[in-house]
Amino acid sequence: MDAGRDVLNKRQKLILSLIFVLFLLLALIGITYAYFLTRIIGNNTTDKSVEGTLGELEIEYKDGNGLINNDNMMIGDTLVKTFTVENTGTLRVGSYKVIFENVVNPIELGDGLVYTLTCESSKNIPCNGASKTNFPKSDADIVTNSIGVGEIQTYTLTVTYEDNSYDQSDYMGASFQAKVNIE
C-alpha cells in the first residue's frame, strides 16, 4: 500500500509542477506580448505617459503642449491646435481615443463655443474627425481611431466662439481651457 501512495504522490507532484511551469510560462508570454507605451512629446511638465496594450503611440503637439485656453473669449475668436499621433511600435493599435481632459468651460452648451477636428493619415487611410460640435462642459471623448504600424495621423482641432444670434453678453471675456490627449 505504501508503494501505491508514493506513486500517487509523485504523480500529483508532477502534475502540480507542470501546471505551475505552464502558468508561469503563459504569464511571461502575456507580459512580454502586451507591453504598450504611449509617449507624449511636449514641453509641459504635466504631460504624462500612458500604458496599455499591443503597440506604441506617441502624441506630439506642434506648439509643445496639449493645452488649449483663452482667458478672454470674445465672439469670433478661434483657436487652432495641431498635433500628431504616431504608431512607433511593431503592432497595429486597433483603438485609441482622442480626448478632452481638465475641461473648464463656463459657456452653456449651445451658446456658441464649438469645435471641429480633422484627421489626415500619412498612409492615406481614412481616420475619424469630428464635425462642428458644442464644446463640452467636462472631460469627454472626441473621436476613436485605429492606427497602423509606422502610420502618422495629423489632427487639426479648431475651437471657435461663434455668434449664434442669441444674447451672449453674459459670456463676454469668459475663460475656458482643456487639454487634448490620447487614451
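Given a Förster radius of 22 Å and the C-beta distance between Ser138 and Thr118 as r, what FRET efficiency does 1/(1 + (r/R0)^6) yield to the nearest 0.05?
On the way: r = 24 Å, r/R0 = 1.08.
With a Förster radius of 22 Å, E is 0.40.
What distance in nm lies between label points placed 7 Å from Cα along the C-beta direction at Leu22 and Val149?
Going by the 7 Å Cα→Cβ label model, 3.1 nm.
Below 23 Å, Cα to Cα, which lysines can Lys62 reach? Residues fewer than 8 away in the same chain don't count.
Cα-Cα hits under 23 Å: Lys48, Lys81, Lys97, Lys123, Lys132, Lys179.
Going highest first, how would you order 95-102, 176-183, 74-81 by mean Cβ packing within 10 Å? List each step's numbers first, then the result.
Numbers: 95-102: 17.2, 176-183: 19.9, 74-81: 13.4.
In descending order of packing, they fall as 176-183, 95-102, 74-81.
Every number in this text was worked out from the coordinates using simple rules, so none of it is lab data. Here the structure is a predicted model, which is why all the values come from computation and not from measurement. FYI the Cβ positions are ideal-geometry reconstructions off the backbone, even for glycines, and counts take in every protein chain you see.
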